[in-house]
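Novice: Questions regarding the structure given below will be posed in turn.
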Amino acid sequence: GFVPGLLGTSHGALQFMAYEDLKERYNKYRNRVSDTKLNTVEYIMMAAVSKIFAVAATYPYQVVRARLQDQHNTYSGVFDVICRTWR
C-alpha cells in the first residue's frame with residue numbers, strides 16, 4: 001500500500017541524515033570547518049555507521065511489512081503481526 005511504501009523511503013532519509021550529522025560532528029571533534037572534505041577511510045566509516053543506524057531503525061518495519069505480505073499466514077492487522085513476532 002501507499003503508507004507502507006512511504007515508510008519504506010525513511011531508510012534512505014535516515015541514512016542521509018545520520019551521515020551528514022556524523023560528518024559534521026566528526027569535523028567539529030577534529031576542530032575543522034564543518035564542510036571540510038574527509039579522506040577515503042573517513043568517508044567509508046561515516047557511510048558504514050550511517051547505514052548501520054538506518055538498517056537498525058527501519059529493519060523492524062521491514063519484518064512487519066514482509067509478514068503482512070505473507071500469504072501463508074493470516075493476521076488481523078499490524079498490531080497482531082507485532083505481537084506474534086514478539087512471541
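Novice: Within the stretch 1-70, list the trypsin sites (Lys or Arg not before Pro) lying in a DSSP loop whose Cβ has at most 16 other Cβ atoms in a 10 Å radius. Numbers along the way, then the final one.
Specialist: On the way: sites: K23, R25, K28, R30, R32, K37, K51, R65, R67; in loops: R30, R32, K37.
Those that pass, being in a loop and sparsely packed, are R30, R32, K37.
Novice: Once whole DSSP H runs in the chain are found, which of them have Cα atoms spread over 15 Å or more along the helix axis and a mean Kyte-Doolittle score of at least 0.0?
Specialist: TM-like helix candidates: 40-69.
Novice: When the C-alpha atoms of the stretch 37-86 are aligned to their principal axes, what extent does each axis show, in angstrom, from largest down?
Specialist: Largest to smallest, the principal-axis extents are 51, 18, 13 Å.
Novice: Determine the per residue accessible area of the stretch 37-86 with all protein chains present and a 1.4 angstrom probe, expressed in square angstrom.
Specialist: In whole numbers, the stretch 37-86 has 76 Å² accessible per residue.
Novice: Next question. Using only the Cα atoms, work out Rg/Rh for the chain, with Rh taken as the Kirkwood radius, to two decimals. Can you show the working numbers first?
Specialist: Numbers: Rg = 18.0 Å, Rh = 15.2 Å.
That ratio is 1.18, to two decimals.
Novice: Give me the percent of accessible area attributable to carbon and sulfur for the chain, probe 1.4 angstrom.
Specialist: Working: 4300 of 6850 Å².
Within the chain, the accessible surface is 63 percent carbon and sulfur.
The values are calculated or read from the model by the stated rules, or taken from the named source; none is laboratory data. Quick caveat, the model's predicted, so the values are computed rather than measured. Heads up, the Cβs are rebuilt from the backbone with ideal geometry, glycines too, and the neighbour counts pull from every protein chain shown. The protein model used for the area step is the full one, side chains on, heavy atoms only, and it has no ligands, DNA or RNA in it. Shrake-Rupley method; radii C 1.70, N 1.55, O 1.52, S 1.80 Å.
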